[in-house]
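Structure, as structure tokens:
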Amino acid sequence: MAVSSNTVAKSTARRGFFESSIARTRITSANVRLPEMALGYLVGPFMALISNAVFAAYLNRYYSDVLGWTNAARFGAFSTLLPIVSVVFVIIGNLFVGRLIDNTRTSQGKARPYLLISAPFVVVAIALLFLTPQGTPAAVQMIWIALSYNLYYAVAYPMFYTAHSSMVALSTRNSNQRGLLATFSNASAVASVGIGASIVIPILLQSYLFVDGGAGRIDATASYAHWRVMMIALCILTAIGILCEYYFTRERITEENMKLNIVEEKLSMKQQAKVCMGNMYWWIIILYFLLFQLSGMIKNGSMSYYTRWMLDGVTTEASAGAAMSTLGLIGGIPTAIGMLVAWPIANKLGKRNAIVIGMIIAVLGGCVSLLDVHSLVMVCLGVVLKGIGSIPAMYVTLALLSDVLDHLEARNGFRSDGFTMSVYSAIMVGMTGLGNGLINAFLTVAGYDPFAATQNGAVQTVLTVCYLGSELIAYAIIAVLMLFLNVEKHVDDDHATIIEHQKAAVLAAGGEWIEPAERLRLEQEEADRLAEIARQDELRARCVKKGLNYEEEEARYQAKLQARQEKKSRWFK
């Protein structure tokens, strides 16, 4: 296929920027260490994902209760059709980004560059979501909503999320280190939902974002203005989070092939799709993510409605926010504990077995909520028990997906991250729209009225099924599916095969083969050497600036370093 000179020029310019010092990762260690785990996989993603978590919990309610799009007379079927139809554009957007990632090679990786590129797109898209002109004809609002919704979910967010979700698989081949990164990465996503959207926003801001206009009605004008303030905060928080994730992550697997001078064949999405879709393990893990995410989005999207209309004693937005934060706080306890126990459990039982047993516990425990769907205490108890069972699924499945990708690489001789992570990202992003579309359809048919004092029986049934029942059904199916995912038994053989492929490629290119362990040791020595040079240069500059003696300052540093090493050696004797 012919490539225009303009395209080549743009590609070269993009590569040139990512070879510059300003775009260089701040992670220099050959092995995964705490700063990378904490900043690149927990703090950064938490800040970057919190806006999307807020949208999953509140965007649909903002549209329905502030803009009024469940008003059938004004918007018709728009509220149902837009999120569902937009899933098509979300899938296309994710496949396009995945293709871009496949065709990108820089010293900073192939996925990481798109984290940085996505930042301005995500910020602008967030702003446009909440700038829908008020008081204009319904047609104008529908066009604005449709365009801004798809700019965010089909363009901006896929650019960020496909790159973000690729990082665990591309970070390292070390299974234990990869498991830790998967734990931190999943913890960031869970925390953004549990802490941000389910605790902080409901208890501190729900009555601010949905202003009580009296007689149980929402003051749409005041609420609209307050959401604009919220929009600015989310834009700033998201931008900082994306930059943090970009600068404190590293793609060691991509670097591995570049350092070995292995020329990777550019494979089409069709070729990747063929090998992926012909593998049973790939289908199982993808169906797992689809069921888990769709049911979770239906639950999260209906949570604000459920706490407002279903619980005994809740009559105002403030009391609904308090109930929602209570559910979020209580439900977050298993999540917090899970970060500490998920991998010990998975190491003992195996990742697949831990998920299966957990799903069974989640289904049985979640049924407790159905004993009294109007009791906050009973609903909280069921949520906690369900959360305990879902711990392995929350924290270890990205590592399990990485095992599947390694298995495909070992079998086929090439990686299929681009297609797989595009599908994964499309599921993680698109299920929000599909879930909201289903909620809107059910609520509209059931006769939901945001201005009513109480909702009718049909609406209450819909909210019960959406908030309490959707995950129980999905988890039961997942428990059966995962019984057939036996990829872990191939891990050692797969890694050995991949190394043989790499060795053959290096020798065929006339290069010198160095065993991975030795290569890692040499790389770490070089990283330490460069870090020491940088430290000395910084000390010299500081001494010149402050009029200090470099030799004396260096001697003082070396004495402190020696003392720390002696203390450390005593501790570990």
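The values are calculated or read from the model by the stated rules, or taken from the named source; none is laboratory data. Since we're looking at a predicted model, the values are computed, not measured. No Cβ is skipped: glycine too gets one built from the backbone with ideal geometry, and neighbour counts run over all protein chains shown.
Pick from segment 322-363 the residues that are out of contact with any Cys (no Cβ under 9 Å at 6 or more places or on another chain) and hydroxyl-bearing (Ser, Thr, Tyr): which of them is farthest from Tyr281 (Cα to Cα)?
The qualifying residue farthest from Tyr281 (Cα to Cα) is Ser325.
Filter segment 76-99 down to the residues that are in contact with a Phe, Trp or Tyr (Cβ under 7 Å, 6 or more places away or on another chain) and of a type in the set (A, V, I, L, M, F, W, C) and list them by number. Quick ask: steps written out before the conclusion?
At the first step, the residues of segment 76-99 found to be in contact with a Phe, Trp or Tyr (Cβ under 7 Å, 6 or more places away or on another chain) are 78-79, 82, 86, 90, 97-98.
Correct list: Phe78, Leu82, Val90, Val97.
Would you pick out the residues in segment 442-481 that are closer than 13 Å to Gly301 by Cα and of a type in the set (A, V, I, L, M, F, W, C)?
Of segment 442-481, the ones closer than 13 Å to Gly301 by Cα are 442-443, 462-468, 470-471.
Matches in segment 442-481: Phe442, Leu443, Val462, Leu463, Val465, Cys466, Leu468.
Starting from residues that are among the β-branched types (Val, Ile, Thr) and modelled with pLDDT under 85, keep the ones in segment 185-233 and report whichever is surrounded by the fewest Cβ atoms within 10 Å (Cβ to Cβ).
Taking segment 185-233 first, the residues among the β-branched types (Val, Ile, Thr) are 190, 193, 195, 199-201, 203, 211, 218, 221, 229, 232.
If we keep only those that are modelled with pLDDT under 85 too, we end up with 190, 193, 195, 199-201, 203, 218.
Working: Val190: 24, Val193: 24, Ile195: 19, Ile199: 21, Val200: 15, Ile201: 24, Ile203: 18, Ile218: 20.
Ranking the candidates gives Val200 first.
Suppose we keep only residues that are of a type in the set (Gly, Ala, Ser) and surrounded by fewer than 22 Cβ atoms within 10 Å (Cβ to Cβ) within segment 137-161. Which one would you say is farthest from Arg99 (Cα to Cα)?
Initially, segment 137-161 is screened for residues of a type in the set (Gly, Ala, Ser), giving 138-139, 146, 148, 154, 156.
Checking the rest, the ones that are also surrounded by fewer than 22 Cβ atoms within 10 Å (Cβ to Cβ) come to 138-139, 146, 148.
On the way: Ala138: 37, Ala139: 35, Ala146: 25, Ser148: 24 Å.
Per the criteria, the residue is Ala138.
Is it the case that some residue within segment 339-356 is under 18 Å from Gly196 (Cα atoms) and buried (at least 16 other Cβ atoms within 10 Å of the Cβ)? Give the steps one after another, and end with the answer.
So in segment 339-356, the residues under 18 Å from Gly196 (Cα atoms) come out as 339.
Cutting the leftovers down to buried (at least 16 other Cβ atoms within 10 Å of the Cβ) gives us 339.
Within segment 339-356, one or more residues are under 18 Å from Gly196 (Cα atoms) and buried (at least 16 other Cβ atoms within 10 Å of the Cβ).
Answer with yes or no whether Gly511 is out of contact with any helix residue (DSSP H, G or I) (no Cβ under 7 Å at 6 or more places or on another chain), closer than 30 Å to Met359 by Cβ, surrounded by 10 or more Cβ atoms within 10 Å (Cβ to Cβ) and not β-branched (Val, Ile, Thr).
Answer is no for this residue.
If I filter segment 317-329 down to residues being surrounded by fewer than 19 Cβ atoms within 10 Å (Cβ to Cβ) and touching a residue at least 24 places away in the same chain (Cβ under 8 Å), which single residue comes out as nearest to Gly469 (Cα to Cα)?
To start, the set of residues in segment 317-329 that are surrounded by fewer than 19 Cβ atoms within 10 Å (Cβ to Cβ) comprises 318-319, 322, 329.
With touching a residue at least 24 places away in the same chain (Cβ under 8 Å) added as a condition, the list becomes 318, 322, 329.
Working: Ala318: 26, Ala322: 22, Leu329: 20 Å.
The extreme case among them is Leu329.
If only one of Thr420, Thr432, Thr444 is buried (at least 24 other Cβ atoms within 10 Å of the Cβ) and more than 21 Å from Val168 (Cα to Cα), which one is it? Talk me through it step by step, then tell me what you get.
Details: Thr420 fails: more than 21 Å from Val168 (Cα to Cα); Thr444 fails: buried (at least 24 other Cβ atoms within 10 Å of the Cβ).
Step by step, each of Thr420, Thr432, Thr444 is checked, and only Thr432 is buried (at least 24 other Cβ atoms within 10 Å of the Cβ) and more than 21 Å from Val168 (Cα to Cα).
Among the residues of segment 385-402, write down those that are part of a helix (DSSP H, G or I) and closer than 27 Å to Asp417 by Cβ. First the steps, then the outcome.
Within segment 385-402, the subset part of a helix (DSSP H, G or I) is 385-389, 391-402.
Result: Ile391, Pro392, Ala393, Met394, Tyr395, Val396, Thr397, Leu398, Ala399, Leu400, Leu401, Ser402.
Go over the candidates Ile333, Ile337 one by one and state the one that is over 21 Å from Ile201 (Cβ atoms), at pLDDT below 90 and out of contact with any Lys or Arg (no Cβ under 6 Å at 6 or more places or on another chain). Let's see the steps before the verdict.
Values: Ile333 fails: over 21 Å from Ile201 (Cβ atoms).
Ile337 is the lone residue from the list that is over 21 Å from Ile201 (Cβ atoms), at pLDDT below 90 and out of contact with any Lys or Arg (no Cβ under 6 Å at 6 or more places or on another chain).
Which condition from (1) crowded, with 21+ Cβ neighbours inside 10 Å; (2) β-branched (Val, Ile, Thr); (3) free of Cβ contacts under 8 Å to residues at least 60 places away in the same chain is the one that Ile361 breaks?
(1)
Confirm whether Glu515 is without any contact (Cβ under 8 Å) to a residue 40 or more places away in the chain and within 26 Å of Leu400 (Cα to Cα).
On the way: without any contact (Cβ under 8 Å) to a residue 40 or more places away in the chain: yes; within 26 Å of Leu400 (Cα to Cα): yes.
In short, yes.
For the list (1) under 23 Å from Thr172 (Cα atoms); (2) surrounded by 11 or more Cβ atoms within 10 Å (Cβ to Cβ); (3) not assigned by TED's automatic domain parsing to the domain that holds Phe414, I need the number of the one condition that Arg529 fails.
(2)
Out of everything in segment 210-249 that is assigned to a loop (DSSP other than H, G, I, E, B) and over 17 Å from the mean Cα position of the chain (by Cα), what residue ends up being farthest from Leu67 (Cα to Cα)?
The first filter runs over segment 210-249 and keeps only residues assigned to a loop (DSSP other than H, G, I, E, B), leaving 210-211, 215-216, 219, 248-249.
When the remaining residues are screened for being over 17 Å from the mean Cα position of the chain (by Cα), the result is 210-211, 215-216, 219.
Working: Phe210: 11, Val211: 13, Ala215: 19, Gly216: 17, Asp219: 11 Å.
Among those residues, the one meeting the criterion is Ala215.
Out of all the residues in segment 532-552, which are loosely packed, with under 12 Cβ neighbours inside 10 Å, of a type outside the set (D, E, K, R) and either assigned to a helix (DSSP H, G or I) or in the same structural domain as Glu255 (by TED's automatic domain parsing) (or both)?
Taking segment 532-552 first, the residues loosely packed, with under 12 Cβ neighbours inside 10 Å are 532-534, 537-538, 541, 544-547, 549, 551-552.
Right, trim to of a type outside the set (D, E, K, R) and you get 533-534, 541, 544, 547, 549.
Correct list: Ile533, Ala534, Ala541, Val544.
Residue check: is Gly382 closer than 18 Å to Gln293 by Cβ, of a type outside the set (A, V, I, L, M) and in a helix (DSSP H, G or I)?
Values: closer than 18 Å to Gln293 by Cβ: no; of a type outside the set (A, V, I, L, M): yes; in a helix (DSSP H, G or I): yes.
For Gly382, the condition - closer than 18 Å to Gln293 by Cβ, of a type outside the set (A, V, I, L, M) and in a helix (DSSP H, G or I) - is not met.
Checking the conditions here, which among Val200, Val193, Val168 is in a helix (DSSP H, G or I), in the same structural domain as Ser107 (by TED's automatic domain parsing) and more than 25 Å from Leu116 (Cβ to Cβ)?
Values: Val193 fails: more than 25 Å from Leu116 (Cβ to Cβ); Val168 fails: more than 25 Å from Leu116 (Cβ to Cβ).
Answer to the selection: Val200.
Which one is surrounded by the most Cβ atoms within 10 Å (Cβ to Cβ), of the residues in segment 267-297 that are closer than 22 Å to Val193 by Cα and polar (S, T, N, Q)?
Filtering segment 267-297 for residues that are closer than 22 Å to Val193 by Cα and polar (S, T, N, Q), the one surrounded by the most Cβ atoms within 10 Å (Cβ to Cβ) comes out as Ser295.
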